[in-house]
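Worksheet for the structure shown next.
The values are calculated or read from the model by the stated rules, or taken from the named source; none is laboratory data. Since the structure is predicted, the reported quantities are computational estimates derived from the model, not experimental observations. Accessible surface areas use protein heavy atoms only, side chains included; no ligands, DNA or RNA. Shrake-Rupley method; radii C 1.70, N 1.55, O 1.52, S 1.80 Å.
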Amino acid sequence: MIKNIFLTALVVLTTALPATARFNGANREAPAAHIGIRAGVGFSEYGNLNRPKELITPVGGVHLDIKVAKLPIYIETGAYYMDMGTKFRDRWYYNGNHYNNGIYYEGSNKYRYDEIGRPYRYESGSYYRNDADQYTLHNHSIMVPLALSYHIYLNDNLVLQPFTGVYGSYGFTSEEWDFGIREGIGLSFGHLNVSIGVNVGLLDQKQKTKDIWVEDANHVSAYFALGVNF
């Protein structure tokens, strides 16, 4: 699902950018800044692990953009909550100890595992796989984006806002920082706003709980949000 949303956002973005040549909105007096709130739903996963499944999470926070040029070019930032964790489609079992793709369940030293927790040697015991099982790994996080957007005035009240940039985040569950790419598009009608976007993490994430740990995992997410500008 995340890959489909990512491709859709890119298609809309690349379609919207050439439209700047067809509208006269760049010549109007655009507002100097906007501040508002956003709330919606996100879809998060660790994209480089085997067979991840999207974790559905609420998304919300405050939005700020500031005009930085004579044209309606804005710097966008804010602060947002998102659970930047993941789900897994299956678990691996070995002598009662679980291997969940990149996750290793502690409790026995009768095996060895590779650098991302996948078993490669079994010294004894039985081994099987249960495709029906799932596991959720949460990572409650605060994200701060920094993006450049161009406001395309379709008419006096309807504004298209493609954006591209980066983000930084801190996971309170994993106690790990992340940095990545952020792209998407917004549409404002008066004070109302709707937006979709994607986040692709560039840093390896490590997380350990009482029973499990994961490493060498990269965050990928998409979101859909509604908002109000004041």
Which one is modelled with the highest pLDDT among residues in the stretch 198-230 that are open to solvent by 60 Å² or more (accessible area, probe 1.4 Å) and hydrophobic (A, V, I, L, M, F, W, C)?
Leu226
Output the strands (runs of 3 or more DSSP E) that fall wholly within the stretch 87-197 and possess 1 or more residues being at pLDDT 55 or above, open to solvent by less than 40 Å² (accessible area, probe 1.4 Å) and of a type outside the set (Gly, Ala, Ser), or say none.
135-137, 140-150, 158-171, 176-189
With respect to Ile56, determine if the residue is farther than 15 Å from Gln161 by Cα, more than 17 Å from the chain's Cα centre (by Cα) and at pLDDT 75 or above.
no
